[in-house]
């Protein structure tokens, strides 16, 4: 019986031609060139090679960011880039470093160098974005570690209790979906540890712009934090820690206003014992679990039948706005959680860890800068109403089989793109080719 041709195996042969799966990274090469980032790197105090044949710092940084954009989450993944000859041609690298070269490079970053390089780099970057007022979201997160790295300590770790961790502190510019500043911290510090110095640096990075609103979770709730913001005339909405005295006042509240089905809001003035005679405006939101099964918040009074059905959220604010507006404004802070998830799961923030604390922080802060460059690309090239994650962009824009051919003295990148998609790709290339400073971002 003759074998059905549909089930026959396709033949194969070999080719020595250099081919890449990532031809679409030509887009990010254009972003790096047109944005002026490379020129800025040249002005910074980056580690110098130890010999005449050492690797150029800018090439190391570029190839590191390319590794992150392609899904690398640890230094061993830099091999993606090292052995891709077409990527080398696209970015103009004569060679790409080994794993140990990257780790040696980041180990040359000290606390002093981190505090000189990254604030200046971020300050320059945000100077290119023409916004005058912004919302800052301050948040901390936990990064679990599995070794004995410096600064990895046992602290609050809801997913892996008892495990060593680092406890980064991050400030986001909400309207831009970008990272204004980021510090790595030991895992055993509280959410609000070092926050005042961190905020001073973050405000200095954005010194020519005005903070219209600062939002933070309950880890930053407290008199000193409020006074720091109030002394600088910064508007804020901060989630509250449910002190017993605060819970007692919430329990006695009666003038609830219906905001929506199963949602009620009320406001009152609250003064904790250590607030030195000054009260703050509190906004309380409660949601009925019966009417809204997915209600968020905390069940504060399970022992009281008339209140056990409700979940509560409480915010301190110095804004003079209607209570419903305060709640809606704070809800926008949830996007910071999405940024952190993307940094962890798409940009490898959980990886690239070394024994030296400041080296790990340098890699972490470089990942945050790579995040900003990708956000810039999203906003100038892709646009649209849908906020694409890096994993989606990687699939739609970068994962394009390609090779380079020569035409006379000219090299041409041949992209394997089907005809219906070519006009869309042409649009992306056109957008990044027109990139100028200030960056054409519309908020």
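The values are calculated or read from the model by the stated rules, or taken from the named source; none is laboratory data. Remember, predicted model here, so these are calculated numbers, not experimental data. FYI the Cβ positions are ideal-geometry reconstructions off the backbone, even for glycines, and counts take in every protein chain you see.
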| Can you find a residue in segment 284-294 that is surrounded by 15 or more Cβ atoms within 10 Å (Cβ to Cβ), at pLDDT 95 or above and within 28 Å of the chain's Cα centre (by Cα)? | no
| query | Which members of segment 408-438 meet the condition of being part of a loop (DSSP other than H, G, I, E, B) and surrounded by fewer than 12 Cβ atoms within 10 Å (Cβ to Cβ)? | reply | 408, 409, 416, 418, 436, 438
| note | Sole miss for residue 276 among (1) more than 27 Å from residue 318 (Cα to Cα); (2) touching a helix residue (DSSP H, G or I) at 6+ places or on another chain (Cβ under 9 Å) is condition (1)
| query | Quick check: anything in segment 161-184 over 22 Å from the mean Cα position of the chain (by Cα) and more than 20 Å from residue 343 (Cβ to Cβ)? | reply | yes
| request: Report the residue count in segment 246-273 for those that are assigned to a helix (DSSP H, G or I) and surrounded by 11 or more Cβ atoms within 10 Å (Cβ to Cβ). | output: 5
| query | Among the residues of segment 156-194 satisfying the criterion of being touching a strand residue (DSSP E or B) at 6+ places or on another chain (Cβ under 8 Å) and on the phi > 0 side of the Ramachandran plot, which is surrounded by the fewest Cβ atoms within 10 Å (Cβ to Cβ)? | reply | 162
| Can you name the residue in segment 212-253 that is within 26 Å of residue 131 (Cα to Cα) and without any contact (Cβ under 8 Å) to a residue 24 or more places away in the chain and, of all such residues, is farthest from the chain's Cα centre (by Cα)? | 231
| said: Condition check: touching a residue at least 60 places away in the same chain (Cβ under 8 Å), surrounded by fewer than 14 Cβ atoms within 10 Å (Cβ to Cβ) and over 23 Å from the mean Cα position of the chain (by Cα). Does residue 405 satisfy that? | reply: no
| request: Determine, yes or no, whether residue 403 is at pLDDT 95 or above and in a helix (DSSP H, G or I). | output: no
| query | Within the bounds of segment 301-316, is there any residue that is buried (at least 17 other Cβ atoms within 10 Å of the Cβ) and part of a helix (DSSP H, G or I)? | reply | no
| Mind checking whether some residue in segment 374-385 is surrounded by fewer than 19 Cβ atoms within 10 Å (Cβ to Cβ) and on the phi > 0 side of the Ramachandran plot? | yes
| request: Read through the list (1) closer than 23 Å to residue 155 by Cα; (2) modelled with pLDDT under 95; (3) in the same structural domain as residue 299 (by TED's automatic domain parsing), then give the number of the only condition that residue 276 fails. | output: (1)
| query | Among (1) closer than 19 Å to residue 353 by Cβ; (2) at pLDDT 95 or above; (3) surrounded by 15 or more Cβ atoms within 10 Å (Cβ to Cβ), where does residue 111 come up short? | reply | (3)
| message | Suppose we filter 234, 238 for residues that are surrounded by fewer than 19 Cβ atoms within 10 Å (Cβ to Cβ) and either in the same structural domain as residue 272 (by TED's automatic domain parsing) or touching a strand residue (DSSP E or B) at 6+ places or on another chain (Cβ under 7 Å) (or both); which single one remains? | response | 234
